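Shown next, in C-alpha cells, is the structure this report addresses.
The values are calculated or read from the model by the stated rules, or taken from the named source; none is laboratory data. Remember, it's a predicted structure, so these values are computed and weren't measured experimentally. Here Cβ is always computed from backbone atoms with ideal geometry, including for glycine, and neighbour counts include all displayed protein chains.
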Amino acid sequence: MNADDALVLLRISNLNKNFGGLQVTNNVSLDMRAGVITTLVGPNGAGKTTLFNLITGHLTPSSGDILWQGESIVGKSHWQIARCGIARSFQDLRLFNHMTVEENILTVMEPASWIWQPGGRAGRRAREERAMDILARTHLLDKAKTRAIDLAYAERKFLSLARIMATDAKMWLLDEPASGLDRGSYELFLDLLRTEVRHGVTVCIIEHNLDIVIGISDRIAFLDQGRLLADGDPNTVLNDPHLAAIYFGEQAA
Ligand SMILES: Nc1ncnc2c1ncn2[C@@H]1O[C@H](COP(=O)(O)OP(=O)(O)O)[C@@H](O)[C@H]1O
Ligand SMILES: [Mg+2]
C-alpha cells in the first residue's frame, strides 16, 4: 500500500446499477480520502442520490465494488454499514417529528458506547452532556425541548446534521443539506462543516448552489446520466465549458 492509498477511506470501483433497462450508475470509480470535502454535482436525475444509496446499503450494486478502509461493504445491510462509521442524511430529512430535538439526538447515539461509559445514571448524564454540546454546535440549544415538527425549516436541517454528529461517524454523506437555506443559515452551516472536517470528519455532499459548492469543496465530482464526467480540483471542474453547458443547460430547462 503506498502513501496515497493509506488516505483512502472509501473506494468506489467500477460501480454499476441498473433499474430494469435503465442504467443509473455507469462504471463509476471514485476515491474519498480522509479529511477531504468532496462535492457531488450534476443535473437532476444524474444518479447522485443513487450513489449514496449504493454506498450506504440502501441499494445493492448490479456490479462493481465499494471498499471501506480496504474492505468490501457490498452486501452488508444499511445498519451494518452505518455501524462501520458511514452516516448519511436524506433529502427528506427523516426526523422523528413527534420527539423533541434532544430526544432525536439521544436516540441515534451509538448504543455500543454505553458499554464503556460508566453505567446507569452517570452514563445517561454523559450522553445528555454530549447531546447538549452537539445542540450548541448546531445552534439548537434553546430548542432542546421543542418537538421536531415545530421547528423552522432551517432548524430541521440543522437537527438532521446534529443527528449525524451524534453517531460519531467518520464519513458523512449529506444529500442536499443546505437546499432552501437562507444565506445566514448556510454560512453557519458551512462554518460548522469546516470545523468538523478540521476535527477529522470526511464529507461527501450533494449540492446545487454554486456559492456553496465554491465555498466548501476541496474537490468536485461531476455526475451526468450515471457517469462520472469529472473528478478533481474545483476550479478546473467549474471552469470546464462542457460541464457548465450540461449543468446550466439543465438548470435553465
Ligand atoms: N428505485 C428506483 N427505481 C427505478 N429508477 C430509479 C430508482 N431510484 C432512482 N431511479 C432513477 O435513477 C435516476 C437517478 O436518480 P437519482 O439518483 O435520484 O438522481 P439525483 O439524485 O442525481 O437527482 C433517475 O432517472 C431516477 O428516476
Ligand atoms: Mg437526489
Reported set for segment 23-44 where residues are within 16 Å of ligand 1 (Cβ to nearest atom) and touching a helix residue (DSSP H, G or I) at 6+ places or on another chain (Cβ under 9 Å) is 24, 25, 28, 30, 39, 40, 41, 42, 43, 44
Out of (1) in contact with a strand residue (DSSP E or B) (Cβ under 8 Å, 6 or more places away or on another chain); (2) within 16 Å of ligand 2 (Cβ to nearest atom), what's the single condition that is false for residue 209?
-> (1)
Scan 226, 200, 215 and give me the residue that is among the small types (Gly, Ala, Ser), within 24 Å of residue 35 (Cβ to Cβ) and touching a residue at least 40 places away in the same chain (Cβ under 8 Å).
-> 200
Take segment 138-191 and flag every residue that is surrounded by fewer than 19 Cβ atoms within 10 Å (Cβ to Cβ) and among the hydroxyl-bearing types (Ser, Thr, Tyr).
-> 146, 153, 167, 179, 185
Looking only at segment 36-66, and only at residues there that are more than 17 Å from the chain's Cα centre (by Cα) and away from ligand 2 (no atom under 16 Å from the Cβ), the one that is surrounded by the most Cβ atoms within 10 Å (Cβ to Cβ) | 61
Among helices (runs of 4 or more DSSP H) entirely within segment 5-120, at least 3 residues that are modelled with pLDDT of 95 or more occur in 48-55
State whether the residues of segment 97-106 include one that is among the β-branched types (Val, Ile, Thr), assigned by TED's automatic domain parsing to the domain that holds residue 221 and more than 16 Å from ligand 1 (Cβ to nearest atom).
-> no
Yes or no: residue 207 free of Cβ contacts under 8 Å to residues at least 12 places away in the same chain and within 19 Å of the chain's Cα centre (by Cα)?
-> no
Is there any pair linking a residue in segment 126-145 that is more than 11 Å from residue 105 (Cα to Cα) and touching a residue at least 40 places away in the same chain (Cβ under 8 Å) to one that is surrounded by fewer than 18 Cβ atoms within 10 Å (Cβ to Cβ) and of a type in the set (A, V, I, L, M, F, W, C), with Cβ under 7 Å and at least six apart or on different chains, and which?
-> 137/192; 138/192; 139/188
Within segment 20-35, can you find the residues that are within 12 Å of residue 219 (Cα to Cα) and buried (at least 17 other Cβ atoms within 10 Å of the Cβ)?
-> 30, 31, 32, 33
Exception for residue 157 within (1) more than 16 Å from ligand 2 (Cβ to nearest atom); (2) modelled with pLDDT of 90 or more; (3) part of a helix (DSSP H, G or I) falls at (1)
